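Colleague: Please see the structure below; I have some questions.
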Amino acid sequence: MARVIVDVMPKPEILDPQGKAVHGALPRLGFTAVSDVRQGKRFELEVAEADEATLAEIHQMAETLLSNPVIEDYAVRVEAAE
């Protein structure tokens, strides 16, 4: 078994109200080192094998279901086996 991670983030030019809310709350909680926050989604997919065909299918899945390509970017990576 292999684990493939799909990280989905708002595109840089898209407003991120959830990230801004977190960023605004941090100083009130005493955290002052953070200059910006962007909030996204993480999908962990268990697959039998992370071969080229499976990764191509996951890229297609990310484009059509896991993300909205108009406002979000995604990245696919294989997590190291433990």
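Colleague: If I fit a long axis through the Cα atoms of helix 17-28 and take the longest principal axis of the Cα atoms of the chain, what angle between them do I get, 0 to 90°, rounded to 10?
Modeller: 50
Colleague: On alpha carbon coordinates alone, what is the Rg over Rh value for the chain, Rh being the Kirkwood radius?
Modeller: My calculation puts Rg/Rh at 1.10.
Colleague: Please report, in debye to the nearest 20, how large the charge dipole of the chain is about its Cα centre when each Lys and Arg carries +1 at its beta carbon and each Asp and Glu carries -1 there.
Modeller: That gives the chain a dipole magnitude of about 640 debye.
Colleague: Still on this structure, I have one more. What is the calculated FRET efficiency for Glu79 to Ala33, with r their C-beta to C-beta distance and R₀ = 30 Å, to the nearest 0.05?
Modeller: Approximately 0.60, to the nearest 0.05.
Colleague: Using the Cβ atoms and a cut-off under 15 Å, what net charge is assigned to the surroundings of Asp73, where Lys and Arg are +1 and Asp and Glu are -1?
Modeller: Every neighbour counted, the sum reads 0.
Colleague: Remind me, relative contact order of the chain in percent, using alpha carbon pairs under 8 angstrom and six or more residues apart?
Modeller: Across the chain, relative contact order equals 53 percent.
Colleague: In the Gaussian network model of the chain, springs joining C-alpha atoms below 10 Å, which of Gly19, Gly30, Gly40 carries the largest mean-square fluctuation?
Modeller: Among Gly19, Gly30, Gly40, the largest mean-square fluctuation in the Gaussian network model of the chain belongs to Gly30.
Coordinate-derived values only; no laboratory data. Everything numeric here is computed off the predicted structure, so don't read it as measured data. Cβ atoms come from the backbone with ideal geometry, glycine included; neighbour counts cover every protein chain shown.
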